[in-house]
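Have a look at the structure below, then the notes.
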Amino acid sequence: MFMSKLYKNYMNIVSRFNAWRSRFPWNEGMFMDGRCYVWEPGFLLRHLKGQHRGRIEVGRNFKCINSLVHNAFGMIQPTFFNVFPRGTLRIGDNVGISGTTISVSEAVTIGNNVLIGSGCLITDTDGHPMDIEKRHVPNYYDYVVNSPVVIGDDVFIGARSIILKGVNIGQGAVVGAGSVVTKDVPPHTIVAGNPAKVVKVISD
C-alpha cells in the first residue's frame, strides 16, 4: 500500500515535469510518459509579430505516451501537437494518445474516453493547395483548404491510422489499424482500409 502510493506520487511528479518541459497544459490526473512536442512560432514571429500557438484544452486523466516503456507496438515518434495560431485543439476526459501527430489549423475536437494508437496522424488541413500554381506562390497558405475534425466519445483509433480534414467519427466507432479515413464514420461501426469503409456494425 505504501509503495503503491509512493510510486503514484513519483509518477505524478514525473508527469508534471514532462508536461512542463513539453510546454503542454497540465490538468488533474495527467500521465505524461516522456516528452511530447508542441509547436511554437519562432523568436521573430513571437516578438515582432506577436504570433503565438493556438489554443489547447485538455480534460481530466489525460494519458500521453511518448516512449517505448508503455507501448507494446513501439513508437515511431513522440506525440507532436502542431496547433497553429488560429487553431483550437480540445481533448476530453480519459483520453489516451500514443506517439501521434495532431495538426490543427482550425479545430480538432476529441471526445471523452478516446484511445488513439501509436503512429497516427490527425489533421484538419490539406497543408498545401491542390492547385499546382497556387502551391508555389509565397502566400500559398491562403489557398489551403481546412475543415474541422470531430472524434466522438468512446472512439478507438488503431495504430498508424490517418484521419483527414472534415471527418466526423461517431460515438463508439473503431478505426482499424493503418486506415486512411477520408469520410464520416457512423457511430458504433468498425471501419478499415484505404480509403476506410465500414466492415462491421458493432451490436449491443
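The values are calculated or read from the model by the stated rules, or taken from the named source; none is laboratory data. Keep in mind that this is a model prediction, so the values were computed, not measured. Here the Cβ is made from the backbone with ideal geometry for all residues, glycine too, and neighbour counts use every protein chain on show. The protein model used for the area step is the full one, side chains on, heavy atoms only, and it has no ligands, DNA or RNA in it. Shrake-Rupley method; radii C 1.70, N 1.55, O 1.52, S 1.80 Å.
Which of the residues spanning the range 92-117 are open to solvent by less than 10 Å² (accessible area, probe 1.4 Å) and outside any loop (DSSP other than H, G, I, E, B)? Across the range 92-117, the qualifying residues are I97, I102, V104, V108, I110, I116. Of all residues in the range 67-85, exactly one satisfies the criterion of being at pLDDT 75 or above, more than 19 Å from V108 (Cβ to Cβ) and not hydrophobic (A, V, I, L, M, F, W, C), namely S67. Which one is most open to solvent (accessible area, probe 1.4 Å) among residues in the range 1-34 that are closer than 22 Å to P85 by Cα and part of a loop (DSSP other than H, G, I, E, B)? Only one residue tops the list, namely R23. Every test in (1) farther than 27 Å from M11 by Cβ; (2) not in a loop (DSSP other than H, G, I, E, B); (3) not hydroxyl-bearing (S, T, Y) is passed by I122 save one, and that test is (1). For the range 146-155, check the following and say yes or no: at least one residue is open to solvent by 20 Å² or more (accessible area, probe 1.4 Å) and closer than 17 Å to I76 by Cα. No, every residue in the range 146-155 fails to be open to solvent by 20 Å² or more (accessible area, probe 1.4 Å) and closer than 17 Å to I76 by Cα.
Taken as a whole, the structure places G87 among residues that are in contact (Cβ under 8 Å) with a residue 24 or more places away in the chain and open to solvent by less than 10 Å² (accessible area, probe 1.4 Å). Within the range 187-204, restricting attention to residues that are in a loop (DSSP other than H, G, I, E, B) and touching a strand residue (DSSP E or B) at 6+ places or on another chain (Cβ under 7 Å), which residue is most open to solvent (accessible area, probe 1.4 Å)? Per the stated criteria, the residue is N194. The sole residue among G166, G172 that is in a loop (DSSP other than H, G, I, E, B), at positive phi, without any contact (Cβ under 8 Å) to a residue 60 or more places away in the chain and touching a Lys or Arg at 6+ places or on another chain (Cβ under 9 Å) is G166. Within the range 118-128, being of a type in the set (D, E, K, R) and either in contact (Cβ under 8 Å) with a residue 60 or more places away in the chain or open to solvent by less than 10 Å² (accessible area, probe 1.4 Å) (or both) holds for one residue alone: D124. Would you confirm whether or not the range 85-98 contains a residue that is closer than 22 Å to S179 by Cβ, touching a strand residue (DSSP E or B) at 6+ places or on another chain (Cβ under 6 Å) and of a type in the set (S, T, N, Q)? Yes, some residue in the range 85-98 is closer than 22 Å to S179 by Cβ, touching a strand residue (DSSP E or B) at 6+ places or on another chain (Cβ under 6 Å) and of a type in the set (S, T, N, Q).
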